[in-house]
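Accompanying notes for the structure given below.
The values are calculated or read from the model by the stated rules, or taken from the named source; none is laboratory data. Given the structure is predicted, the values throughout are model-derived calculations rather than measurements. In this analysis, Cβ positions are derived from the backbone assuming ideal geometry, glycine residues included, and neighbour counts consider all displayed protein chains. Protein only, heavy atoms only, side chains kept; ligands, DNA and RNA dropped before computing areas. Shrake-Rupley method; radii C 1.70, N 1.55, O 1.52, S 1.80 Å.
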Amino acid sequence: MSTAQTPPSISEFPVLWPVPTRWDDNDHYGHVNNVTYYSYFDTAVNAWLMSSTGTDIRNLPAIGVVAETSCRYLSELSFPEQLQVGISVEKLGTKSIVYALAIFHEVDDGNWEPAATGRFVHVYVDADTRKPVEIPAAVRSAAGTLTEN
């Protein structure tokens, strides 16, 4: 994976999840508002989890709650754009998953550049008690396919 100074390439991510920009993503300054990048990360990770596990993850006895996020902005986005969110797993623990993420936008026909890089930590908790628990087997299995090592 790339370093903090070197932006990642789209080919570095084992999963690319499509996320379009929406009309209301643009702020008063004519670009996608910074908080919306986090929504793209959240949407891509959870949609991929549902797709790859074949399960509605909202109905599992253990749910992933976001414990930490970060985003490094590299270029502006605006409506309308079709994005690809790159997803990989930086660390797969027993109760948490650290995702390495990037948002890519098409700058010309077939060339994708990173608009942002990010980090997203899911900690798994019991859906009722909210106490930390082990990652559900289906989620662990899916996340295991995306580890960097």
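Consider the range 17-41 and keep the residues that are touching a residue at least 40 places away in the same chain (Cβ under 8 Å), of a type in the set (Phe, Trp, Tyr) and open to solvent by 50 Å² or more (accessible area, probe 1.4 Å). The one that is nearest to residue 119 (Cα to Cα) is 38.
Evaluated against (1) open to solvent by 40 Å² or more (accessible area, probe 1.4 Å); (2) under 30 Å from residue 129 (Cβ atoms), residue 89 falls short on exactly one condition, (1). Every residue in the range 67-85 that is touching a Ser or Thr at 6+ places or on another chain (Cβ under 9 Å) and in contact (Cβ under 8 Å) with a residue 60 or more places away in the chain, please. Of everything in the range 67-85, those that are touching a Ser or Thr at 6+ places or on another chain (Cβ under 9 Å) and in contact (Cβ under 8 Å) with a residue 60 or more places away in the chain turn out to be 72, 74, 80, 81, 82, 83, 85.
Check the range 101-108 and report whether any residue there is surrounded by fewer than 19 Cβ atoms within 10 Å (Cβ to Cβ) and over 20 Å from residue 43 (Cβ atoms). Yes; the residues of the range 101-108 include at least one that is surrounded by fewer than 19 Cβ atoms within 10 Å (Cβ to Cβ) and over 20 Å from residue 43 (Cβ atoms). Of note, residue 44 does not satisfy the criterion of being open to solvent by 50 Å² or more (accessible area, probe 1.4 Å) and under 13 Å from residue 119 (Cα atoms). Of all the residues in the range 1-38, those that are touching an Asp or Glu at 6+ places or on another chain (Cβ under 8 Å) and of a type in the set (S, T, N, Q) number 4.
Note on the range 123-136: among residues that are hydrophobic (A, V, I, L, M, F, W, C) and modelled with pLDDT of 95 or more, the one that is farthest from residue 94 (Cα to Cα) is 125.
From the list 51, 11, 70, 75, the one residue that fits, being surrounded by fewer than 14 Cβ atoms within 10 Å (Cβ to Cβ) and in contact with a Gly (Cβ under 7 Å, 6 or more places away or on another chain), is 70. Inclusion of residue 131 among residues that are in contact with a strand residue (DSSP E or B) (Cβ under 9 Å, 6 or more places away or on another chain), without any contact (Cβ under 8 Å) to a residue 24 or more places away in the chain and open to solvent by 60 Å² or more (accessible area, probe 1.4 Å) is warranted.
Take the conditions among the basic types (Lys, Arg), at pLDDT below 95 and out of contact with any Lys or Arg (no Cβ under 6 Å at 6 or more places or on another chain) and apply them to residue 72. Does it pass? So residue 72 fails the test.
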